[in-house]
Amino acid sequence: MRLLIMGPQGVGKGTQAALLSEHYEIPAISTGDIFRYNIKNQTELGKEALAYTDKGELVPDELTNKIVKDRLAMDDAKNGWILDGYPRNASQVAALDVMLEELGVELDAVVALEADRDVLMERMQKRAAEQGRSDDTPEVIAKRLETYEKETAPLLNIYRERGLLLAFDGVGDIDEISKTIIEKLNEKRAD
């Protein structure tokens, strides 16, 4: 199973990706986690990424594409994966299409989670307080949500046109949301 999980920050992508990863026994690959790891360990990439994330900006495509391509080629991803936080714009969709072709695999589905903006703001402010994340200030959160609406949300139409999009409400009982996603994915797989 090769999946994308999409939606604005705070909608529960990471939580659902972890549950789907466990269910399908495939790695959940979060570009955010990769960047945070590099920032924490002060790698060159981490230092470069930090210059963007501290201002609420997204890391440039060239850096992101390279990391994703390397990660998808790793042994643990041979039987499938869940990509969380990628692609986030049209040029990354094109880059992912090329990567998949080079790897000789196809995307099975795109899971889109949705929630109202005020719910997202509240969730991210709570996460910032709990985790002490410097990149989750109200101003940065608002900027990220605007960027998502402008650049990433339109990608859902690309995947809808390709017949890959499955949309779900990201608000509610976590296990119920996960169960519903798995049911729909299994139905899609059976088609």
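When the stretch 106-148 is limited to residues that are free of Cβ contacts under 8 Å to residues at least 24 places away in the same chain and of a type in the set (A, V, I, L, M, F, W, C), the one that is surrounded by the most Cβ atoms within 10 Å (Cβ to Cβ) turns out to be Ala128.
Glu48 satisfies every condition listed in (1) surrounded by 21 or more Cβ atoms within 10 Å (Cβ to Cβ); (2) assigned to a helix (DSSP H, G or I) except (1). Of the residues making up the stretch 4-47, those that are more than 16 Å from the chain's Cα centre (by Cα) and of a type in the set (Val, Ile, Thr) number 2.
Evaluation of Glu161 against the conditions (1) modelled with pLDDT of 95 or more; (2) under 16 Å from the mean Cα position of the chain (by Cα); (3) farther than 23 Å from Ile26 by Cα shows that the sole unmet condition is (2).
The requirement of being under 27 Å from Leu185 (Cβ atoms), touching a residue at least 60 places away in the same chain (Cβ under 8 Å), surrounded by fewer than 21 Cβ atoms within 10 Å (Cβ to Cβ) and more than 14 Å from the chain's Cα centre (by Cα) is not satisfied by Leu103.
Checking Ile39, Ile34 one by one, the residue that is among the aliphatic types (A, V, I, L, M), touching a Ser or Thr at 6+ places or on another chain (Cβ under 8 Å) and surrounded by 12 or more Cβ atoms within 10 Å (Cβ to Cβ) is Ile39 and no other.
Only a single item in (1) touching a Lys or Arg at 6+ places or on another chain (Cβ under 7 Å); (2) surrounded by fewer than 21 Cβ atoms within 10 Å (Cβ to Cβ); (3) closer than 21 Å to Ala109 by Cα is not met by Gly56, and it is number (3). Only one entry in Gln92, Gln9 is outside any helix (DSSP H, G or I), polar (S, T, N, Q) and surrounded by 15 or more Cβ atoms within 10 Å (Cβ to Cβ), namely Gln9. Condition check: in contact (Cβ under 8 Å) with a residue 40 or more places away in the chain and in contact with a Phe, Trp or Tyr (Cβ under 9 Å, 6 or more places away or on another chain). Does Glu151 satisfy that? No, not satisfied.
The values are calculated or read from the model by the stated rules, or taken from the named source; none is laboratory data. Keep in mind the model is a prediction, meaning the values are calculated, not measured. Please note: Cβ atoms are built from the backbone with ideal geometry, for glycine as well, and neighbour counts cover all protein chains shown.
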